[in-house]
Each structure stands twice: as structure tokens, then as C-alpha cells.
Amino acid sequence: KIELATEGAGSSAYSVYNAIVLSGNRAQRRRNIELNLLRKCLTEGEDVEVYMKGRDQWAPAVMYGDQRKLAASGPGYSIQVLREDRPVISNVPANLVRRRFEVGTVVKVY
């Protein structure tokens, strides 16, 4: 659940969001989230990149499985790294996963 809130007054007012994040049977309230920190949910089969700490680089990957069902089993995403003989990696933190766009893809930015 996400709700819009306004902070400040007059010409210095700006919009932020309050959210209730559900993970399994737990709910956490987050307040004053700026729009640039929200992103659309990643879905099964979506092209992404995952940050490989040991290599200090981003690797191409795809989202693996229904992320909403997997969220109940633990924090983080399940992904399959491409171009490598690797099994599915589970519980990858959100800050290590980003969307991947092929060259020439039209992207909507707000």
C-alpha cells in the first residue's frame, strides 16, 4: 500500500510517499519515501543486471520465478545469471538488481 503525503508548506512543499511493505506475514511501514526511490516490481523473465561483488561488475541476468510467491520465503529476488553455468541465485537484495535494457529500447523516464 502506498499513500501520497506532502511535506513542507507553500512553494517549498514537495511530495513524498508512505508505504507499507509486505513480506510474507510481516508488514513494515516506511515514511517519507521520495519518488526516485520507488520502482515498478520486477517480474519473472524480465531482463535485469545483478551486481557481482567478487568481480566488481554488473552481469546480465533474468528474473526467475514468480517474485510475489518467492517473497514469502525470504527477502530478496531470485535470478538466473546469463552467459554462465550458474544455478538460480536466491535472496539477492534489491539494491544489487537493476533493470537491463537492450540498445535502442525506448524507455519512459519520469
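The values are calculated or read from the model by the stated rules, or taken from the named source; none is laboratory data. Everything numeric in this text was worked out from a predicted model, so none of it was measured. Surface accessibility is based on the protein's heavy atoms, side chains included, excluding ligands, DNA and RNA. Shrake-Rupley method; radii C 1.70, N 1.55, O 1.52, S 1.80 Å.
Odds and ends about this structure:
- Residues whose amide H lies under 5 Å from that of E46, counting only those 5 or more places away or on a different chain, are M63; hydrogens are built 1.01 Å from N in the peptide plane.
- Vicinal HN-Hα couplings computed from phi for the stretch 86-102 (Karplus, 6.51 cos²θ - 1.76 cosθ + 1.60; Hz; Gly/Pro x): 10, x, 5, 9, 9, 6, 7, x, 4, 6, 9, 10, 9, 5, 10, 10, 5
- Accessible-area value, V106, 1.4 Å probe, nucleic acids and ligands omitted, Å²: 140 Å²
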